Amino acid sequence: MKADVLLGLQWGDEGKGKAVDVLAPSYEWIARFQGGPNAGHTLWLDGKRIVLHTIPSGIFREECMNIIGNGVVIHPPSLLHEIKELRKHGLNLEGKLLISAKAHLILPGHRLLDQAFESAKGDYKIGSTLRGIGPAYTDKYARHGLRYGDLVGPQGETLFQLAHDEHLRQLKALRSELPLDIANQVREWLDTMAELLTDFAPSDGSWLLNQALDSGQRVLAEGAQGSLLDVEFGAYPFVTSSHTTSAAACTGLGIAPTRIGKVYGLFKAYCTRVGSGPFPTELLDETGDALRSAGHEFGATTGRPRRCGWLDLPALSYAIRLNGVHQLIITKADALSGFDEIKIAVRYQGLDHHQSPYPDRPTDCIPEYQSFPGWKLSPNQSYSTRQQLPPSLQSYLSYLEDQLNLPIRWVSLGPERSQILESQIDGTHAGI
Ligand code: GDP
Ligand code: IMO
Ligand code: MG
C-alpha cells in the first residue's frame, strides 16, 4: 500500500479538517506530519464545532488510528487540553491516538521567545500565531531540541531544566520581561508532560506506519498550514517554520517517497490569509468584507479576522506543481452564493499564463482578472451530484479543471460532514 497525502494549496484554513474527517472512513490511519498548535482544523459534527490543533482530524472515526508524526511540534499543555476537550465529547483516545517519540516539544521559553522576536520586528512582524513554532523548530535544527521520547525517565526533568535555562538566557539577552507566573507555567508544563507520557507512551511512528502499509492498511497524511506558507517556497520570511508541501509527509512521518500514493490538493473558491505578507488578490474593500462575513473568515486558532481576496490561479498552479497534486478538492463555493460577479486572477501582468513569481518578487505581482457570473445555492437543497449545481457554478468548476489540468474530485458546500459531493470525473481526466 501507499500513503495518500491531503494538504492545503493556499495560505492555510482551506478546510483540511473537514475534508480529512470526510475521507477518514477510507483509511485505517490518519497522520499529521508537520506544524503544531498553530494549526486550527475545524470539524462540525451534528451542529457542534470542534477545533483540532495537534490531533489528527480522523479522531472522530471509530475505525481510524491517529498518529502525531515526528515532524510535528507538540506543546504538552495545549495537547492535554485538546485531549480533555475531546473526552468531554465522549471520545476515549487511549489506543486511538499515538504520539511519535521523535516529535519535538514546544517549551514555555519557545512561546516567550516567539513573542519577543515578533515584538522586536515591529512593522515587519510575521503575524505569527505566537504558539512557539519558530523557536521550537529553530532548536530542533540547531540540535538543542527536546523530543517527546526524551522526557521519559528520571533524566527528563534535568534535560528540560537545561533547555529552559538556555531560553531564559536568550530572553534576558533580548531584554524580554518574564511573565510573573513563569514558575507556574514551568510546573504546569512538566505536570502535563508527565500525564501525557502516562497515557500515551512514545511510539516509533515510522515503523508503525511502514508496518501498516506493508500489511495493506491505508494511510492518509494530513497537512497543516498551506503550501504558500512553506518555509522554502512561501513568500519568505512571511511563512511558517516547517515544510508544508507533500515532500514533508516523507520526512515528517518516516515514509519513503516511493511509498507516497495520491496527493489531494485542497483550495477555497477564494483566498484567505491570516498574518502579514504578500497577498496579490487581497480585497481591501467592501467585497473583501463581504467575503469575510459570508465565509465566517475568522482564525480557528487565534480568532483574528482573515484577509480575503479572489482566487489566484497562478498561485494555485504553483502550489499544484510543488506538491505533485493528483486530484483537487474545492471548498466554500457555497460562501460565494449570492455574489453577482465572481473573479479569478488568471495571470500576473507581464508574466506568462500561470507563471508565478513566488517567492522571488511576490510584492510586484499585479493580477489580471477574469469575471464569471455568480450562482445562488438553495439552503434547503442538498446537492449530491455536480449536475444538480447551478450552471454557472458548474462552468466555474469546469473552467478551473481546464486551466489547472486536474479533476476536481470533491466539492464541499458547507462545514458539516454531509455537505460535500463527489464530482463526476469526466473522460479527459479519467484514470487519475
Ligand atoms: P483548516 O485549517 O484547513 O482545517 O480550515 P479551518 O478549520 O481553519 O477553516 C475552515 C473553515 O471553513 C471552518 O470554519 C470550517 O468549518 C469551514 N468549512 C470547511 N468547508 C467548508 C465549506 O465547504 N463551506 C463552508 N461554508 N464552510 C466550510
Ligand atoms: P491551518 O493548519 C492559517 C500563519 C500565521 C502567520 C504565519 C506564521 O489551520 O491551516 P506561525 O504561528 O507558524 O509562526 O505563523 O503562518 N499560520 C496559519 N495561517 N492557517 C494555519 O494553519 C496557520 N498556521 C500558521 O498566521 O502568518
Ligand atoms: Mg485552520
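Relative contact order, whole percent, for region 267-422 stands at 23, derived from Cα pairs under 8 Å and 6 or more residues apart. When you filter the trypsin sites (Lys or Arg not before Pro) in region 125-226 for DSSP loop state and at most 11 other Cβ atoms inside 10 Å of their Cβ, you are left with 143, 175. With the charge dipole of region 267-422 set up from +1 on Lys and Arg Cβ and -1 on Asp and Glu Cβ about the Cα centre, the Cα lying farthest toward the positive end among the listed residues 365, 396, 378 is that of 378.
The relative contact order of the chain comes to 20 percent, based on Cα pairs under 8 Å that sit 6 or more residues apart. Scaled against 2.2 N^0.38 Å for its residue count N, the alpha carbon radius of gyration of region 267-422 is 1.02. Dipole of region 267-422 computed with +1 at Lys/Arg Cβ and -1 at Asp/Glu Cβ about the Cα centre; of 319, 279, 415, farthest Cα towards the positive end is 415. Between residue 392 and residue 183, the modelled labels are 6.5 nm apart [label points 7 Å from Cα along Cα→Cβ]. Of the whole protein surface, residue 46 contributes about 150 Å² of accessible area at a 1.4 Å probe radius. Here the chain is assigned +1 on the Cβ of each Lys and Arg and -1 on the Cβ of each Asp and Glu. Its dipole about the Cα centre then comes out at about 200 debye. Towards the positive end of the charge dipole of region 1-133, with charges on Cβ (+1 Lys, Arg; -1 Asp, Glu), say which of 104, 25, 42 has the farthest Cα. After comparing all options, I get 104. Taking each residue as 0.36 nm, the span from residue 125 to residue 251 lengthens on full extension beyond its C-alpha to C-alpha distance by 42.5 nm. The angle separating the long axis of helix 155-173 from the principal Cα axis of greatest extent in the chain is about 70 degrees. Close amide H partners of residue 347, meaning residues 5 or more places away or on another chain with modelled amide H under 5 Å apart, are 368. The label-point distance for residue 290 and residue 165, in a model that sets each label 7 Å from Cα toward Cβ, rounds to 6.2 nm.
Per-residue extension of 0.36 nm, minus the Cα-Cα distance of residue 141 and residue 366, leaves a gain of 77.4 nm for this segment. How much of the accessible area of the chain, in percent, comes from carbon and sulfur atoms when a 1.4 Å probe is used? Solvent-exposed carbon and sulfur of the chain make up 51 percent of the total. Only Lys, Arg, Asp and Glu carry charge here, each on its Cβ (+1 for the first two, -1 for the last two); on that basis region 155-262 has a dipole of about 420 debye about its Cα centre. Among 145, 226, 338, the residue with the largest mean-square fluctuation in a Gaussian network model of the chain, with springs joining Cα atoms closer than 10 Å, is 338. Average accessible surface for the chain: 42 Å² per residue, computed with a 1.4 Å probe over protein heavy atoms with every protein chain in place. Each Lys and Arg Cβ is given +1 and each Asp and Glu Cβ -1; about its Cα centre, region 267-422 then shows a dipole of about 440 debye. Helix 313-323 and the long axis of the chain differ in direction by around 50°, with both axes built from C-alpha atoms. The accessible-area ordering, largest first, of the residues 62, 14 stands as 62, 14, per a 1.4 angstrom probe. Along its first, second and third principal axes, ordered by size, the chain spans 65, 51, 40 Å in Cα coordinates.
One decimal place: the segment residue 49-residue 211 gains 54.9 nm when fully extended, by the rule 0.36 nm per residue minus the C-alpha distance.
Shape call for region 112-256 from the C-alpha gyration tensor, a ≥ b ≥ c root eigenvalues: rounded (a/c under 1.5), prolate (a/b greater than b/c) or oblate? It comes out oblate by the Cα gyration axes. With the helix formula -39500 (n - 2.57) applied to DSSP H stretches of n ≥ 4, the chain reaches a computed 222 nm mean residue ellipticity of -9500 deg cm²/dmol. Post the alpha-carbon centroid distance, region 278-295 to region 249-267, in whole angstrom. Rounded to whole Å, the Cα centres lie 32 Å apart. Treating each Cα of region 11-102 as an identical point scatterer and ignoring solvent, apply the Debye formula and state log10 I(q)/I(0) at q = 0.14, 0.15, 0.19 Å⁻¹. The calculated log intensity ratios at q = 0.14, 0.15, 0.19 Å⁻¹ are -0.44, -0.51, -0.86. When its C-alpha radius of gyration is set against 2.2 N^0.38 Å (N residues), region 186-313 gives a value of 1.37. With N the number of residues in region 106-198, Rg(Cα) / (2.2 N^0.38 Å) evaluates to 1.10. Taking every DSSP beta bridge that has both ends in the chain, the antiparallel portion is near 40%. Rounded to the nearest 10 degrees, the inclination of helix 108-121 to the longest alpha-carbon principal axis of the chain is 60 degrees. Computed over the Cα atoms of region 234-283, pair by distinct pair, the Kirkwood hydrodynamic radius stands at 13.5 angstrom.
The values are calculated or read from the model by the stated rules, or taken from the named source; none is laboratory data. Fair warning: this is a prediction, and the values are worked out from it, not measured in the lab. Virtual Cβ from ideal backbone geometry, glycine too; neighbours counted across all protein chains shown. The accessibility values were calculated without ligands, DNA or RNA, using every heavy atom of the protein model including side chains. Shrake-Rupley method; radii C 1.70, N 1.55, O 1.52, S 1.80 Å.
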